[in-house]
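The values are calculated or read from the model by the stated rules, or taken from the named source; none is laboratory data. Treat the numbers as computed from the prediction; the structure is a model and nothing was measured. Cβ placement follows ideal geometry from the backbone for every residue including glycine, while neighbour counts extend to all protein chains displayed. All accessible areas refer to the heavy atoms of the entire protein, side chains included, with ligands and DNA or RNA removed. Shrake-Rupley method; radii C 1.70, N 1.55, O 1.52, S 1.80 Å.
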Amino acid sequence: MPTEREKQILDLIRQNPMISQKELAEKLGITRPGVASHISRLIKEGLILGKGYVLPKKEYVTVIGAVNMDIYGIVSDYPVVLKGSNTGHVTTQLGGLGRNIAANAAALGLDTNLITVFGSDDYGTRFKEDAYRRGIDISYSKQLPDRKTSVYLYVNQGDGERIIGVDDMRINEFITPRFLEPRLAGINASKAAIIDSNLPAETIRWLYDNVRVPMYAKAVSVTKTPRLLQDNLNLEGLVINGVEGSFMASVKIMDINDGKECAEKLYDIFKTRIYLYLDQMGMIMADRDGTLYHGYEPGLHVENTNGVGASMTAALAYAQLRHESLDDTLDLMIRIGGMTMATGKSVSDRVGTLLENE
């Protein structure tokens, strides 16, 4: 929390964002080094954004999660030959659940802050350049010296079905409560916060205790999803896929009815609204009033399922901030998910077109 003196400084900055430290010192009757000390603290607390005394945007979302480089192969032939070579193609592209959510949110027109860590390598440089190009604010992120940006390696079948994935995301262990504490004021100045389960369990617990704005989560992987389930859980909604949902609820999903049963059990477990999305089937929402199903459009082309959940999570935040109805929210989530599946990219270039007729 800012001190009384710092509140006075913020007030003067709001009146004149171009005010100098010398002018602030003269108006407040304190020394210039004293002003500098207060300014430094306000920057650490996220109440102003660095040089120029830029005040945080009035309406923005904060995403806290992972960025990584995706290296993926799509096998052309079927059946897949295990322990042997398979014809296909291999691609590298920026990914990471937090980054993908932020990229989709920015494409939907939301002012978006992304808090993450990344390495001092070529992948880290590519991430920074991409974030600036997309208009994602990474002021609160940190580039760590002598560390590698995380990498996710996976192989899919031609229909988008995942065969295997391997991640090297140890750098995310640096997103600790101590790392986030100076950024808390900025997080709580958001309209909403979005997290993913790549974060360490202790960090998720700290966020549950300290974030005061609506918070949404995207589950990722059966090994990391349990990190979201804590006794102080503080979520407005959880986006989760069929593999993770089936694991957490112990329900085998073969059809829509199985999906509804799974979503209901997930609601009983997490006590928050569940958005369960199933490849080829659609989205099932579950809350205390029951379930609601929205299917994908007929004839949906599937090229790559990576990035679908991230796009849906961004669409959820967008719809909630604009007080859309539940039906309209699910419709937008389904449309953006289908658009993402139809491209080989983790973030579709056409996301912005979803809003052209709204």
Q: Mind listing just one residue for me: the one in segment 34-53 that is in a loop (DSSP other than H, G, I, E, B) and either under 17 Å from Lys142 (Cβ atoms) or touching a strand residue (DSSP E or B) at 6+ places or on another chain (Cβ under 6 Å) (or both) and, of those, modelled with the lowest pLDDT?
A: Gly50
Q | Segments classed as strands (runs of 3 or more DSSP E), wholly inside segment 54-144, with at least 3 members that are in contact (Cβ under 8 Å) with a residue 40 or more places away in the chain and surrounded by fewer than 24 Cβ atoms within 10 Å (Cβ to Cβ) | A | 68-75, 88-95
Q: Determine whether segment 264-275 contains at least one residue that is at pLDDT below 95 and within 30 Å of Val67 (Cβ to Cβ).
A: no
Q: Find the residue count for segment 257-286, including only residues that are more than 22 Å from Leu332 (Cβ to Cβ) and either touching a Lys or Arg at 6+ places or on another chain (Cβ under 7 Å) or open to solvent by 70 Å² or more (accessible area, probe 1.4 Å) (or both).
A: 7
Q) Quick one: would you say Asn241 is out of contact with any helix residue (DSSP H, G or I) (no Cβ under 8 Å at 6 or more places or on another chain) and polar (S, T, N, Q)? A) no
(Q) Tell me whether segment 162-169 contains one or more residues that are free of Cβ contacts under 8 Å to residues at least 12 places away in the same chain and among the aliphatic types (A, V, I, L, M). (A) yes
